[in-house]
1. Looking at ALA100 and the list (1) more than 12 Å from ARG5 (Cα to Cα); (2) open to solvent by 10 Å² or more (accessible area, probe 1.4 Å); (3) touching a Leu at 6+ places or on another chain (Cβ under 7 Å); (4) not in a loop (DSSP other than H, G, I, E, B), which single condition is not satisfied?
2. For the structure I just gave you, tell me whether ALA83 is touching a helix residue (DSSP H, G or I) at 6+ places or on another chain (Cβ under 8 Å) and open to solvent by less than 20 Å² (accessible area, probe 1.4 Å).
3. Would you be able to tell me the number of residues in region 130-159 that are surrounded by 14 or more Cβ atoms within 10 Å (Cβ to Cβ) and outside any strand (DSSP E or B)?
4. Among the numbered conditions (1) among the aliphatic types (A, V, I, L, M); (2) under 22 Å from ALA109 (Cα atoms); (3) in contact with a Phe, Trp or Tyr (Cβ under 9 Å, 6 or more places away or on another chain), tell me where VAL40 comes up short.
5. Working only within region 23-77, note down all residues that are out of contact with any Ser or Thr (no Cβ under 6 Å at 6 or more places or on another chain), among the polar types (S, T, N, Q) and either over 26 Å from ALA6 (Cβ atoms) or touching a residue at least 40 places away in the same chain (Cβ under 8 Å) (or both).
6. Condition test on THR123, is it of a type in the set (S, T, N, Q) and over 16 Å from ALA26 (Cβ atoms)?
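The values are calculated or read from the model by the stated rules, or taken from the named source; none is laboratory data. The shown structure was predicted, so the numbers you read here are calculated from the model rather than taken from an experiment. Methodologically, a virtual Cβ is constructed for each residue, glycine included, from the backbone with ideal geometry; neighbour enumeration extends over all protein chains shown. Protein only, heavy atoms only, side chains kept; ligands, DNA and RNA dropped before computing areas. Shrake-Rupley method; radii C 1.70, N 1.55, O 1.52, S 1.80 Å.
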Amino acid sequence: MIGVRAAGPGDGDALGEIHAAAWEAAYAPFFAPEFAAEGVRSRRTRWHARLAEDPRTLLLAEADGRPLAMSWSSASGTRPGLAEILSFYAHPDGWGTGVAAALMDATLARLRADGFARAHLWTLRDTPRSRRFYAKCGFAGTGAVRGTDFGDGHPLEQVEYEREC
């Protein structure tokens, strides 16, 4: 059974584990091993502070009681009037189970309830799994591209997707 709920104060470790495992599987191959290892470590601990800032923007999806996917969204900082999905990650153990699709549905419903008509997000150009997932969820590429430096001095190209909430 899949359930989605707002993340609470005690969910920092679960959010960190989801983010770290998904990031390691999908993004670590783009980086030098030592930089990737530090990226995984930092993702395990950063969510406690974000929960303290504004937990309303963090959703957690569980399958059979196990946390397997998370989303973080807010008003877009670059596209006035739109929402932005800032982070959307599913633990590799949840890939293909429907937990991420349920979370996306809940994320978009939350954004609609918050008054947003459209949402956008950025994902790495060279991650076909995530791009297929967003397309399956009804997102379409906007044609916008940006380089993002994750801290190693080697920017990676991201592409933007958008859809109605």
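1. ALA100 satisfies every listed condition except (3).
2. On the way: touching a helix residue (DSSP H, G or I) at 6+ places or on another chain (Cβ under 8 Å): yes; open to solvent by less than 20 Å² (accessible area, probe 1.4 Å): yes.
Yes: the conditions hold for ALA83.
3. Residues that pass the stated criteria total 8.
4. Only one criterion is unmet by VAL40, namely (2).
5. SER76
6. Values: of a type in the set (S, T, N, Q): yes; over 16 Å from ALA26 (Cβ atoms): no.
For THR123, the condition - of a type in the set (S, T, N, Q) and over 16 Å from ALA26 (Cβ atoms) - is not met.
Here's the yes/no breakdown for (1) among the hydrophobic types (A, V, I, L, M, F, W, C); (2) within 18 Å of PHE133 (Cα to Cα):
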residue	(1), (2)
TRP72	yes, yes
GLY81	no, no
GLU84	no, yes
ALA100	yes, yes
MET104	yes, yes
ALA109	yes, yes
